[in-house]
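Have a look at the structure below, then the notes.
The values are calculated or read from the model by the stated rules, or taken from the named source; none is laboratory data. Small disclaimer: the values here were computed from a predicted structure and weren't measured. Positions of Cβ are generated from backbone atoms using ideal geometry, with glycine treated the same way; all protein chains shown enter the neighbour counts.
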Amino acid sequence: MITRRTLALAGAALPFGASIAAAQDIGSAQRPLRIGVTAGPHAQVMEKVREIAAREGLAIRIVEFQDFIQPNAALAAGDLDANSYQHQPFLDQQVRDRRLPLVSVAKTMIFPMGLYSRRHRAASAIPAGGRVAIPNDPTNGGRALVLLAANGLFKLRDGADFRATVADITENPRRIRVVELEAAQLPRVLDEVEAATINTNFAIPAGLNPVRDAIALESSESPYANLIAVRQADAQAAWVRRLVAAYQTQEVKDFVQATFQGAVIPAF
């Protein structure tokens, strides 16, 4: 779903499916790069990137989304030039399941997933039979299950990773009930469940600080670095190199540290 702010930023709409990568003046003031992000930290960082890019003569128009699916669909359709919001396992799954011609061109940030609760101060305090909410998309759901297992809520089969499902739970002596919901909805159900695993890009806009508020948090060594994705045909384009150069700067690192105080970690 594209927000009203998105429409205001986007200006005059292109015909759906039109290939903006074909425009000769892409990245100019007449033809800004259209970059999709999820609302919250990804959008905040991209605002800083836009500022840096503008000084180098590269114009960027930010388009905000409220879910994980539409930014890839819009990119594949040609309604975006790039997006910045997902990690590699999620992109890989989308490419396989939806046959999208998309590739990663650069790493951006690590957003450690956290376990949050309004009722408990530790994962060990979650009672028997308690409901714990996780994202319902394949990669983030598995990632959440791994986090829960690492904190003793249940056991997963040997070798389970981000591809795990509830069917991979092998021991659940506390009878934890896993509730699968859309990732963006998880902050809203915290009062209704014992705890929820929430992606940082949704936790921060909800007023949750991963460093301060999470009762369990992925390590800063998390393999789920986020990335910039483009269509395969554009991977070697000059504007892609300029976009990456604007993003992967010390200025962006400093902005992230000052703004998020360790809750978001540069991956470059």
Would you be able to say whether some residue in the stretch 144-153 is surrounded by fewer than 15 Cβ atoms within 10 Å (Cβ to Cβ) and touching a strand residue (DSSP E or B) at 6+ places or on another chain (Cβ under 8 Å)? yes
Every listed condition ((1) under 16 Å from the mean Cα position of the chain (by Cα); (2) among the basic types (K, R); (3) more than 22 Å from A195 (Cβ to Cβ)) holds for R143 save (3)
Working only within the stretch 115-166, note down all residues that are touching a helix residue (DSSP H, G or I) at 6+ places or on another chain (Cβ under 6 Å), small (G, A, S) and without any contact (Cβ under 8 Å) to a residue 24 or more places away in the chain. A160, A164
Leading residue by the ranking (surrounded by the most Cβ atoms within 10 Å (Cβ to Cβ)) among those in the stretch 206-226 that are part of a loop (DSSP other than H, G, I, E, B) and among the aliphatic types (A, V, I, L, M): A214
Tell me whether the stretch 246-258 contains one or more residues that are loosely packed, with under 13 Cβ neighbours inside 10 Å, more than 26 Å from L102 (Cα to Cα), small (G, A, S) and not assigned by TED's automatic domain parsing to the domain that holds H87. no
Checking the conditions here, which among V230, V240, V244 is part of a helix (DSSP H, G or I), touching a residue at least 60 places away in the same chain (Cβ under 8 Å) and under 18 Å from A43 (Cα atoms)? V244
Select from the stretch 235-245 the residues that are crowded, with 16+ Cβ neighbours inside 10 Å and out of contact with any helix residue (DSSP H, G or I) (no Cβ under 8 Å at 6 or more places or on another chain) and list them in ascending order. W239, V244
Residue under question is A203, and the condition is that it be assigned to a helix (DSSP H, G or I) and more than 30 Å from G57 (Cα to Cα); does it hold? yes
Residue pairs, Cβ under 7 Å, 6 or more apart or interchain, first in the stretch 29-47 and hydroxyl-bearing (S, T, Y), second at pLDDT below 95 and crowded, with 23+ Cβ neighbours inside 10 Å. List them. T38/N201
Among the residues of the stretch 167-174, is any over 21 Å from P89 (Cα atoms), crowded, with 19+ Cβ neighbours inside 10 Å and in contact with a Gly (Cβ under 8 Å, 6 or more places away or on another chain)? no
Sort out which residues of the stretch 217-268 are touching a strand residue (DSSP E or B) at 6+ places or on another chain (Cβ under 6 Å), among the polar types (S, T, N, Q) and at pLDDT below 95, and write them in order of number. S220, S222
Subset of the stretch 38-60 (residues that are surrounded by 17 or more Cβ atoms within 10 Å (Cβ to Cβ) and in a helix (DSSP H, G or I)): P41, H42, A43, Q44, V45, M46, K48, V49, R50, I52, A53
Does T259 fit the bill of being under 19 Å from E56 (Cβ atoms) and not aliphatic (A, V, I, L, M)? no
Could you look through the stretch 102-128, keep only residues that are farther than 17 Å from A203 by Cβ and among the small types (G, A, S), and pick out the one that is surrounded by the most Cβ atoms within 10 Å (Cβ to Cβ)? A106
